[in-house]
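Here the structure is laid out as structure tokens; the discussion comes afterwards.
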Amino acid sequence: MKPCDPVCTIVGILDDGWAGLSAAAHKRLAAASLVVGVDRALALVRPYLAADAEVRDMDGALTQSPAWVEAALAVGCRVAVLATGDPLCHGIAGYLIGKLGTDRVEVLPAPSTMQIAMARFKKSWQDVAIASCHGKDAGEWVVGATPDHGLYPLMRAIALNRRVFAFTGPDNNPARLARALIAAGYGEDAKLSVACRLLLPDETGYIDLAPADAAHTTFPEPSVVLVERTDDGHFPAFGLDDAEYFQRSPEKGLITKQEARALSLAKLRLKPDAVVWDIGAGSGAVGLECARLAPRGHVWAIEKNADDAAIARANATRLRVGNYTLVEGKAPAFLDTWLDPDAVFIGGSGGGLVELIKLVLGRLKPDGRLAMNFVTLENLATATAALREIQADLKVRWDAVQLQASRSQPILDMHRMAAQNPVWIVTASKEAP
């Protein structure tokens with residue numbers, strides 16, 4: 001890129017304004033014919049711009065800004081765009097580069113807000129994950145929230161990383177985040193450090209707050225938050241014992257036993273970002289382990305019995321599974337509102353099995369897999385007959401496994417083997433086009 005070529009310079013700026021900018025940034029801004037930025041950033045540089053420079057406020061007009069820049073560059077003008085901190089860290093630079101091309105954009109970053117905040121906290125940050133909820137009002141977090149909730153990406157980042165730096169906003173503020181942590185089960189196992197109004201005269205900070213203390217605190221805006229989980233994970237992703245799940249009491253039931261659960265999960269061949277349906281959730285064991293095996297995906301579950309649905313939700317809360325949504329009802333209710341699945345588990349159909357199999361295989365993504373568990377010959381026969389009928393039309397392959405497991409039980413000072421009920425695991429997969 002030649003110095004005389006028309007170029008858009010994206011200048012990172014913080015609240016210390018002109019004084020915090022480099023000499024190169026001073027030069028680009030002073031020479032710019034068009035300066036674009038939000039009003040708050042423009043106010044920091046207006047006195048230093050050329051008298052004839054055009055200034056455009058980008059508040060509410062982000063999608064129009066590439067056209068402004070294009071028009072100015074087309075007539076040979078120099079353009080400067082103001083962004084907060086490092087424009088390539090949750091900033092506008094990536095967006096503009098995608099619209100204008102790499103050869104027409106120069107980036108002059110300031111220290112990121114995260115770097116400044118971590119320096120205030122006196123905490124290293126090389127292992128910190130970055131997330132944002134700086135957007136429209138997302139509402140309070142609830143267990144079972146779906147991926148369209150505004151806090152969902154941040155809550156998943158917290159679930160998957162011990163340390164997360166979050167860009168917050170006036171609505172999705174640190175207090176709301178603290179309440180979300182409590183709702184998600186991290187109330188005793190997390191701490192928050194909050195930096196408010198960085199580089200302004202009334203800058204203030206809070207270090208290592210408990211969520212309960214932060215939940216009802218009013219923090220000055222703008223603010224950013226470091227969330228640090230102090231736990232090391234209470235449960236494995238896979239292979240929990242049956243007794244580790246809440247179940248119907250006094251009668252134990254409606255849980256897929258560990259041996260059948262393990263084989264069923266293997267048959268589903270879950271990817272980390274899989275969308276999963278769990279039909280007939282029971283105690284939730286299969287769906288919850290699916291959620292932990294697909295941490296970047298989401299599980300939708302349905303259970304027709306209200307008491308069992310409550311047990312499944314209690315298990316989700318205890319296991320801190322945040323990518324799991326359970327509804328009460330009888331399939332196929334609600335299924336039309338769910339994303340097309342990569343994997344489906346049917347542990348119970350409540351009748352209508354043939355129609356349910358056809359619906360699921362019609363919605364299943366190419367290379368997706370359906371696993372079904374049966375303990376009766378009649379349901380096994382119904383399922384395999386349905387699969388034979390539709391396998392050619394939907395290009396479905398299927399197989400069946402009979403699983404017969406025995407568990408050791410004490411007898412006097414020795415052990416004997418006690419047979420469990422046999423389970424048939426039927427798996428169907430769709431061929432990719």
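If one computes P(r) from the Cα atoms of the chain, what percent of pairs lie at distances over 32 Å? Cα-Cα pairs of the chain separated by over 32 Å account for 52 percent. In the chain, helical runs assigned H by DSSP with n ≥ 4 each contribute -39500 (n - 2.57); averaged across all residues and rounded to the nearest 500, the mean residue ellipticity at 222 nm is -8500 deg cm²/dmol.
Label the stretch 258-300 by shape, choosing from rounded, prolate and oblate, from the square roots a ≥ b ≥ c of the eigenvalues of the Cα gyration tensor; if a/c is under 1.5 it is rounded, and otherwise prolate applies when a/b is larger than b/c, oblate when it is not. Oblate, because a/c is 1.5 or more while a/b does not exceed b/c.
The value given for the stretch 224-322 is a Kirkwood hydrodynamic radius of 14.1 Å, derived from the mean inverse Cα-Cα separation.
Tell me whether the stretch 8-111 comes out rounded, prolate or oblate; compute the Cα gyration tensor, take square roots of the eigenvalues as a ≥ b ≥ c, and use a/c under 1.5 as the rounded threshold. The shape class here is rounded. When the charge dipole of the stretch 242-430 is built from unit charges on Cβ atoms (+1 for Lys and Arg, -1 for Asp and Glu) and taken about the Cα centre, the candidate among Pro366, Ser406, Val426 whose Cα reaches farthest toward its positive end is Pro366.
The H on the amide N of Ile130, modeled in the peptide plane, is under 5 Å from the matching H of Phe165, each at least 5 residues off or on a different chain. Annotation: amide H of Glu54 within the under-5 Å range of Leu34, Val35, sequence separation 5 or more or interchain, hydrogens built in the peptide plane. Kirkwood analysis of the stretch 130-264, using all unique Cα-Cα pairs, places the hydrodynamic radius at 16.6 Å. Per-residue 3J(HN,Hα) values for the stretch 153-162, derived from phi via the Karplus relation 6.51 cos²θ - 1.76 cosθ + 1.60 with θ = phi - 60°, read x, 5, 5, 5, 4, 5, 5, 9, 9, 5 Hz in sequence order (x marks Gly and Pro). Take every Cα pair under 8 Å whose residues are at least 6 apart in sequence, average their separation, divide by the length of the chain, and the relative contact order is 10 percent. The long axis of helix 353-363 is offset from the longest Cα principal axis of the chain by roughly 30 degrees. Of the trypsin sites (Lys or Arg not before Pro) found in the stretch 96-127, those in coil by DSSP whose Cβ has at most 13 other Cβ atoms within 10 Å are Lys122. Summary: within the chain, the longest segment free of GluC sites (Glu not before Pro) located in DSSP loops with at most 16 other C-beta atoms within 10 Å is 252-430. Residues whose amide H comes within less than 5 Å of that of Asp367, counting only those at least five positions distant or on another chain, are Lys430, Glu431, Ala432 (H built at 1.01 Å from N in the peptide plane). Per-residue Karplus couplings for the stretch 76-91, computed as 6.51 cos²θ - 1.76 cosθ + 1.60 with θ equal to phi - 60°, are listed in order as x, 7, 8, 10, 10, 10, 8, 9, 7, x, 8, x, 9, 10, 6, x Hz, Gly and Pro entered as x. What translational diffusion coefficient, in µm²/s and rounded to a whole number, does the Stokes-Einstein relation yield for the stretch 269-422 at 25 °C and a viscosity of 0.890 mPa s, taking the hydrodynamic radius as the Kirkwood radius over Cα pairs? Estimated diffusion coefficient is 147 µm²/s.
Gap in Å between the Cα centre of the stretch 56-93 and the Cα centre of the stretch 275-353? For the stretch 275-353 versus the stretch 56-93, the Cα centre distance is 45 Å. With Rh defined as the Kirkwood radius, the inverse of the mean 1/r over Cα pairs, the Rg/Rh of the stretch 201-281 is 1.19.
Each Lys and Arg Cβ is given +1 and each Asp and Glu Cβ -1; about its Cα centre, the chain then shows a dipole of about 740 debye.
Read-outs: derived from the displayed coordinates by stated rules, not from any lab. In this text the structure is predicted, and so the values were computed from the model without any measurement. Ideal geometry is used to build each Cβ from the backbone, glycine not excepted, and the neighbour counts take in all protein chains shown.
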